[in-house]
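These notes concern the structure reproduced below.
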Amino acid sequence: MTPYVLRDITSWVHQKIDATGLSAEFNDNRAPGVRCVHPLVTLLEKLDALHRRFPNERAAPQTFVRHDEDAARLALRAHALSPLQGYADVRALAGEMLGQRQLLTMPSVDDVALLPRDDERWRTIRSAHAAIAPMFWGQRLPLEEACASIRGWIAAALT
């Protein structure tokens, strides 16, 4: 997927319905296309969500599992992403997002949301991480590894 390029939205389900001639029997309520943002924008937004939500003890532990793994996978592949157009680097992008209040703070390797510990909060997050395992088709990233990958990316890209 190329960032910022408009792409048609389709799926194998819609293709099958079209191929069988049943399209007229269904309402097609899909948007005609979507303009994708650069994956580094998504990464910064996920890190901001982790930072904002982690201190809230009422935030369900399950809410962190996908953000941790998604952010880690983006961080691990950041080197292979297309260049950021219009920005010198990801730090410049993050600076603009801060200025526009899209981010609360610059992501930090010292963020408690990225430093797994042996306390009740992290035990519940680890339990949620294990409980969601059957929903995944592929290889999982252990929580500690995901957080370490994110911190490594932050140290290399934002400091």
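Computed values, structure above
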item	result
Qualifying residues in segment 56-80 (those that are outside any loop (DSSP other than H, G, I, E, B) and of a type in the set (Lys, Arg)) - the one farthest from ALA113 (Cα to Cα)	ARG77
Residues of segment 121-141 classified as assigned to a loop (DSSP other than H, G, I, E, B) and either touching a Cys at 6+ places or on another chain (Cβ under 7 Å) or buried (at least 16 other Cβ atoms within 10 Å of the Cβ) (or both), total	1
Selection count where residues are surrounded by 16 or more Cβ atoms within 10 Å (Cβ to Cβ) and either aliphatic (A, V, I, L, M) or outside the structural domain of VAL112 (by TED's automatic domain parsing) (or both), scope segment 60-77	6
Within segment 81-120, tally of residues that are crowded, with 16+ Cβ neighbours inside 10 Å and outside any loop (DSSP other than H, G, I, E, B)	7
Unique residue being touching a Leu at 6+ places or on another chain (Cβ under 6 Å), assigned by TED's automatic domain parsing to the domain that holds ARG123 and on the phi < 0 side of the Ramachandran plot when the list is LEU50, LEU43	LEU43
Residue that is over 17 Å from the mean Cα position of the chain (by Cα) and acidic (Asp, Glu), where the choices are GLU145, GLU120	GLU120
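The values are calculated or read from the model by the stated rules, or taken from the named source; none is laboratory data. As the structure is a computational prediction, the values presented were derived from the model and not from experiment. Please note: Cβ atoms are built from the backbone with ideal geometry, for glycine as well, and neighbour counts cover all protein chains shown.
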